[in-house]
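Just below is one structure, and these are the notes that go with it.
A short reminder: the numbers here are calculations on the coordinates, not readings from a lab. Keep in mind that this is a model prediction, so the values were computed, not measured. No Cβ is skipped: glycine too gets one built from the backbone with ideal geometry, and neighbour counts run over all protein chains shown.
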């Protein structure tokens, strides 16, 4: 009995330490991806940073309840999507302010191109393409945009996207198809 | 999940991704550029140097205010204590005075009652005692008359 009571606090402390280490690893591994997704969704660096912080804060609070049914990334992405939804919902409630559903500055966003071995002409063409994709992404519904970004920016599988958003794979495919159709139309119309 | 299953899943995902783009090279190129653009933007934003804004705190002003408040508090406590003590002493003095007055009054009353009682006893119970020289005076008066 005495040995049991003496060992119990040590075990708890060790478990806590292990959990903290695990969470620290999760943060290091997934933070850039979560930030990237939120940046692509919101188009606002500061907002993306704030939401990323909130996401990991929420994850830390609920880390004990994470049972590993899905991957940590899927779990974190779900939290990030919910936070983003809450953010836009709260913004819409403040109707006296100018509603801003998507703050992507096309010029700023399409300025960023990978500096590969490209000619000036190719760079210009790429910039124009990126600008058009941004424009069409801006016109997508919230759900279509999320599915599109998870698929083509984060390169997630359809099953993962379905699990993250909580929809069936068929519905995800339908959203993706519509989103892709709009992007194609934007690119085709101005090609 | 083993690495084989993971690898199989990944490659399956890539194949799905390619199928989505439905063999449209222009679309494929545009989506690839879009992805790379976001990655570049995100990397730059994620790794940008962050400047922590230093908040200027007016320590002297705060110190002076807290000192003044502390002094007021201490002075208030001391004054309150002294006043309370004085009040208690005053109350004790008044109480002692009242007790002494009551005691005096009680003593006075008791003395008066005693005197009254003695007087009553004198008047009610005792007889008038004749003067010691009266019989002699009587005899002398009778002699003179004779």
As a footprinting exposure proxy, order A:164, A:74, A:29 by other Cβ within 10 Å, with the fewest listed first. A:29, A:74, A:164
Most exposed to least, judged by fewest other Cβ atoms within 10 Å, A:152, B:46 sort to B:46, A:152
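If you take the beta carbon distance between residue A:28 and residue B:73 as r and set R0 to 51 Å, what does 1/(1 + (r/R0)^6) give as a FRET efficiency, to the nearest 0.05?
The value I calculate is 0.55.
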Length added when fully stretched, residue A:60-residue A:12, from 0.36 nm per residue minus Cα-Cα: 15.5 nm
How much space per residue, in cubic angstrom, does the convex hull of the C-alpha atoms of the stretch B:67-124 take up? 29 Å³
How would you order B:134-140, B:25-31 from highest to lowest mean count of nearby Cβ atoms within 10 Å? B:25-31, B:134-140
Let's test the formula: R0 of 41 Å, r as the Cβ-Cβ distance of residue B:66 and residue A:47. What FRET efficiency results, to the nearest 0.05? 0.60
Place a point 7 Å from the Cα of residue A:70 along the Cα-to-Cβ direction; which residues of the stretch A:147-191 have their backbone N under 16 Å from it? A:147-151, A:154-173
Please report the spacing between the Cα centers of the stretch A:135-176 and the stretch B:56-95 in Å, no decimals. 68 Å
